[in-house]
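Structure first, then comments.
Values in this text are rule-based calculations from the coordinates and carry no lab data. As the structure is a prediction and not an experimental result, all values here were calculated from the model. Ideal geometry is used to build each Cβ from the backbone, glycine not excepted, and the neighbour counts take in all protein chains shown.
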Amino acid sequence: MAISARVPVPGSLIHHSDRGVQYACTTYSDILHGHGIQPSMSRVGNPYDNARAESFMKTLKQEEV
């Protein structure tokens, strides 16, 4: 929905995610490529690639537990 509303320049969008199976599957990758979105994944075992999200999850777990 957002893709069709904004009409971004092809190749200008990057979708960064962790290495979860839902992001690594070919179906999801094909959808990204179909919309001209470049997939980007963090390196294995390196939380510093997505430090803000990792920090938030750490805080959330400490507050909830």
### Task
Take Met57, Met41 and order them by how many other Cβ atoms sit within 10 Å, fewest up front.
Met57, Met41
### Query
What length, rounded to one decimal in nm, is gained on full extension from Asn50 through to Glu64, with 0.36 nm per residue of separation minus their alpha-carbon distance?
2.9 nm
### Message
Given 10 °C and 1.306 mPa s, compute D for the chain with the Stokes-Einstein relation, Rh being the Kirkwood radius over Cα pairs; round to the nearest whole µm²/s.
### Response
116
